[in-house]
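Where a number appears in this text, it was derived from the coordinates with a stated rule and is not lab data. Everything numeric in this text was worked out from a predicted model, so none of it was measured. Counting neighbours? That spans all protein chains shown, and the Cβs are built from the backbone with ideal geometry, glycine included.
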């Protein structure tokens, strides 16, 4: 990037800078006219100059110019107006000028602001563009949060400065120079004094500011390091808790903040010191004028008129000078920030733009062999990982890379994946250096999966298909306001030097996955997920999540069908006791009292959990049904029992998981509440206290808690209350609850709850597992398996994929690599989080899946266990960064080398 | 059967007979009520033991594997406990338990039981007393058996 900020700004905005300068100069005309006008109004119509005779008139808007050679030429003789008319006319002109000046100001500020924002957008994009092109090693040394701060915060002040970058010095410099010239004209000596002081200011102040620059740079670096550390704490929060180092982190952060404070405070002190000095110097000049000028007047060497003129002219000098110096300060500030950022972003060996150029059409397959030629790789510390390795992988070959602890096979895999660059030698595809081939080829024809997986915070589907999003493949047509918006987007993007590639386009390269479009992509996805044994996990996620019905149209209806099928199936297998279905006219003993009352899924906060008992409408229904008192007494009973059972347990005791009614923290509150309410008649208990107690009864399940609180009479009353509740449901609660209806899908509930439409009995130990396997069977029979898998794919994997287990993440990474159908599939200890048996199984599936439809990609796999090498045509053994052995599994086993040793 | 009835049942189990009723209530509350149909297996010989079972109603057979297939060695009736050794030490099941009729049991989880013992030392002492009692009986039986030889 351009190291000088001024040049960077000038290169990209020279036309706009010139334009705004012209506008500003133009705006000076009405500005100065409005200065002159008050004098005209006061002297003319108000004081009556020129209107001495009653009825006298003066011309208004007379246009006449004194042209050379021709003399006075009159273009317009003007209107003849009397005194009052002139007053009104001149005042109106004044108003007009005020408006014109305001409009100029508005235009100039908007223009400058937009100019700044465009530049800011350009700089930010340029920086991110550079990040995308940095050589891999750079990322080993830099913290992500620091880069993010640079792009986001550190360049931010540039936006404000850019509009003024050239305008301000020209304008203020011009003003200062005019004032100076005027003084010089009045009196050369006094002028010299002013010049000397200004020169001192110009020389001294920037010198003093050098320290400000140094401090500014330190401030920026420490602040950046702080954000890096905060980022690290967030990423490594697990390690902090495990090792009880939170106070170490606190100390570190406090120390950093202390340092930042010190620097900032220094900065303030120095800044105001400079300001003070600057002000003093500015005031010294009039002091000298009074003293020396006065002395000269007394001596008779200068006349009073001249001195007064000089002093009044000097009034116009400090203003612009001060602003100019402020501008200079801003400039230096911004320049430091810019330089700091640019320094960080100036890296040797940035990837050339052509390597990453947007390529829409599919590249031809990679038919040449992949080879390492005298390849050496070293780690960041300079230790050799690979030492002059030469190796060739032919298309279609499957190769296991077996490595001793210091073998270096991973480094080779990373070199093939271009994740690390050779120190010497090269990697090549056919005759071409691999690093010179566009990513459009390597990124589509090769794929790579490793144990170190990064997932984006998005759905499973987005992460899985991420590897197919190389280029926008469709051009989206927009109409109406969307079209205008799109046009605006394109235009603005171009003005800021951003690309106008449409993110809304369909980026998924269906063809490379072996599909023709969105409709048959899913089949491929499913096969790949089956191959890495991830489908079951995703199905489970699907069952546990609530399906997005806008995406999965028709799914709801099928699930409702499924309920009946499940019911008959359970009956056939004699398992109907496992699930107690929800029936509108019956009490469900395996569900809580709250669920039986509401008989629906809360779709909003109004009726969810604890809010239910406190809801006024719900309370009124309970009263009508004659349940309020019963449930209150029941709640009191439960509170007593729970406190008797749990009161003397420590709050973190695992038994509290069994206590569904209240949390450990609530026990003391309920204890005092119980004391207070014990002998009080029901009528005297406040609404809020009632709700507190009644809410306890809502969590009660008789077969599970076995307090013996449920009678047949109570159950029928609850069913009656349920109907009452829905009969008069007020409109504001219509959307807060979805009533259970055997013929309807409940959008607010999970898929599993919708399938079961009931509760699994508490007294069957293996019921959940048995039911789940039956549910999967039925889903498959009804052809809903894929649909459910699709629901599961909506699952958001969380930041860095942390909502998945590491095994699931690794499987997903392999699936993503497979989906691309590459010519070369590079696997680098891909499934290390899984146990050996599962690794073998998945790897076998992966090889089979990669060869589906008669494809024969080359597969290079760094195996975690030498025994896995049997699955490959060829085995290459690495030891201490050297290629130790190369052959088939049989030949290596027959030899007496490293491989045999590793196997034993 | 309600929680308080279960507490009554537990009190009749020798291992728990000396423990305060309130603690037994907590034990019962944190345990699961589980039903089995006739022929269902509670646990198998060789499984890792993770819970003890108190029979509340119904009958269960205790089976031991032999070369000629499983042999029934005992029958459990209400108020008896099975698998209690497994919740005190890390041993695998020495026999298979199968429901002989519809069976209701209280499943006492090992970790819950151990937590209770940790929380209430007086309960631990009671359990120890029962175990020591058993041991002295076993020792006496052994001496009898030796001297009868």
Angle, helix A:518-531 long axis vs. longest principal axis of chain A, Cα atoms, 0 to 90°, nearest 10?
60 degrees
Rg/Rh over Cα atoms for segment A:754-904, Kirkwood Rh, comes to 1.10
Mean projection of the alpha-carbon convex hull of segment A:624-704 over all orientations, in nm²?
5.7 nm²
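With a/c under 1.5 counting as rounded, go ahead and sort segment A:141-238 into rounded, prolate or oblate using the C-alpha gyration tensor (a ≥ b ≥ c being the square roots of the eigenvalues; past the cut-off, prolate if a/b is larger than b/c, else oblate). Intermediate values should be presented prior to the final figure.
Numbers: a/c = 7.43, a/b = 2.94, b/c = 2.53.
Since a/c reaches 1.5 and a/b is larger than b/c, the shape of segment A:141-238 is classed as prolate.
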Going highest first, how would you order A:52-60, A:398-406 by mean Cβ packing within 10 Å?
A:398-406, A:52-60
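Give, in nm to one decimal, the length gained when the segment between residue A:663 and residue A:406 is fully stretched (0.36 nm per residue of separation minus the Cα-Cα distance). Please report the intermediate quantities before stating the final value.
Values: separation 257, 0.36 × 257 = 92.52 nm, distance 5.22 nm.
The span from residue A:663 to residue A:406 would gain 87.3 nm if fully extended.
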Over all distinct Cα pairs, what is the inverse of the mean 1/r for segment A:520-607, reported as the Kirkwood hydrodynamic radius in Å?
16.4 Å
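Pull up the DSSP beta bridges for chain A and report the antiparallel fraction as a percent, rounded to 5. Before the final figure, lay out the partial values.
Details: 34 of 53 bridges.
Close to 65 percent.
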Could you sort A:382-390, A:592-600, A:756-764, B:65-73 so that the peptide with the highest average Cβ count within 10 Å comes first and the rest follow in order?
A:592-600, A:756-764, A:382-390, B:65-73
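Report the far tail of the P(r) of segment A:401-531, meaning the percent of Cα-Cα pairs longer than 17 Å. Don't skip to the answer; put the middle values down first.
Working: 6180 of 8515 pairs.
So the pairs more than 17 Å apart make up 73 percent of the total in segment A:401-531.
Taking only the Cα atoms of segment A:841-904, how large is their convex hull per residue, in Å³?
In segment A:841-904, the Cα hull volume divided by residue count equals 90 Å³.
How large is the translational diffusion coefficient of chain A in µm² per second when you combine the Kirkwood radius over alpha carbon pairs with Stokes-Einstein at 37 °C and 0.692 mPa s?
Working: Rh = 36.4 Å.
For the chosen part, D equals 90 µm²/s.
Counting only other chains, what is the mean number of Cβ atoms within 10 angstrom of the Cβ of each residue in peptide A:279-291? List each step's numbers first, then the result.
Numbers: counts 0, 0, 0, 0, 0, 0, 0, 0, 0, 0, 0, 0, 0.
Mean shielding by partner chains, rounded to a whole number: 0.
Enter the mean number of other protein chain beta carbons within 10 Å of the beta carbon of each residue in B:25-32, as an integer.
For peptide B:25-32, the averaged partner shielding equals 5.
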Rg(Cα) / (2.2 N^0.38 Å) computed for segment A:639-755, rounded to two decimals:
1.31
Rg and Dmax of segment A:213-340, using alpha carbons, in Å: what are they?
25.8, 88
Given a Förster distance of 30 Å, report the FRET efficiency between residue A:107 and residue A:129 from their Cβ-Cβ distance, rounded to the nearest 0.05.
0.40
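Past the 16 angstrom mark, what percentage of all C-alpha to C-alpha distances in segment B:76-149 do you count? Before the final figure, lay out each step's value.
Numbers: 1781 of 2701 pairs.
The share of Cα pairs beyond 16 Å in segment B:76-149 comes to 66 percent.
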Return the distance in nm (one decimal) between the two label points of a simple spin-label model at residue B:1 and residue A:502, each offset 7 Å from Cα along Cα→Cβ.
7.1 nm
Where does segment B:3-148 land on the Kirkwood hydrodynamic radius, alpha-carbon pairs, in angstrom?
16.1 Å
Could you work out how much longer the chain between residue A:301 and residue A:1 gets when fully extended? Use 0.36 nm per residue separation minus the Cα distance between them, nm to one decimal.
102.1 nm
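Would you list A:771, A:253 from fewest to most Cβ contacts within 10 Å? If you can, show how the numbers build up before the last one.
Working: A:771 21, A:253 14.
In increasing order of surrounding Cβ atoms, one gets A:253, A:771.
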Placing one identical point scatterer on every Cα of segment A:481-531 and ignoring solvent, what is log10 I(q)/I(0) from the Debye formula at q = 0.23, 0.29 Å⁻¹?
-0.80, -1.06
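Work out the mean other chain Cβ neighbour count within 10 Å for the residues of A:792-800 and drop it here as an integer.
Numbers: counts 0, 0, 0, 0, 0, 0, 0, 0, 0.
Counting other chains' Cβ atoms within 10 Å and averaging over A:792-800 gives 0.
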Along Cα→Cβ, 7 Å out, is where each label goes; now give me the distance between the ones at residue A:536 and residue A:234 in nm to one decimal.
3.6 nm
What order, most packed first, do the peptides A:196-202, A:85-91 have when packing is the mean number of other Cβ atoms within 10 Å of each residue?
A:85-91, A:196-202
Can you give me the angle between helix A:767-781 and the longest principal axis of chain A, using Cα atoms only, in degrees from 0 to 90, rounded to the nearest 10?
80 degrees
Expressed as an acute angle from 0 to 90° and rounded to the nearest 10, what is the orientation of the C-alpha long axis of helix A:628-646 relative to the principal long axis of chain A?
80 degrees
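What Kirkwood Rh does segment A:55-195 have if only Cα atoms enter the pairwise 1/r average? Answer in Å. Spell out each step's value before the answer.
Values: mean 1/r = 0.0460 Å⁻¹.
The answer is 21.7 Å.
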Checked segment A:335-450 against the a/c 1.5 cut and the a/b vs b/c comparison, axes a ≥ b ≥ c from its Cα gyration tensor; verdict oblate
If I take R0 = 30 Å and measure r between the Cβ atoms of residue A:40 and residue A:67 in this structure, what FRET efficiency does the formula 1/(1 + (r/R0)^6) give, to the nearest 0.05?
0.80
Helix-derived [θ] at 222 nm for chain A: sum -39500 (n - 2.57) over DSSP H runs of at least 4, divide by residue count, nearest 500?
-17500 deg cm²/dmol
If you take the beta carbon distance between residue B:111 and residue A:844 as r and set R0 to 45 Å, what does 1/(1 + (r/R0)^6) give as a FRET efficiency, to the nearest 0.05?
0.75
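Work out, step by step, the length gained on full extension between residue A:270 and residue A:575: first 0.36 nm times the residue separation, then minus their alpha carbon distance; give nm to one decimal.
Numbers: separation 305, 0.36 × 305 = 109.80 nm, distance 8.24 nm.
Net length gain for the segment: 101.6 nm.
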Per residue and in Å³, how big is the convex hull formed by the alpha-carbon atoms of segment A:554-661?
182 Å³
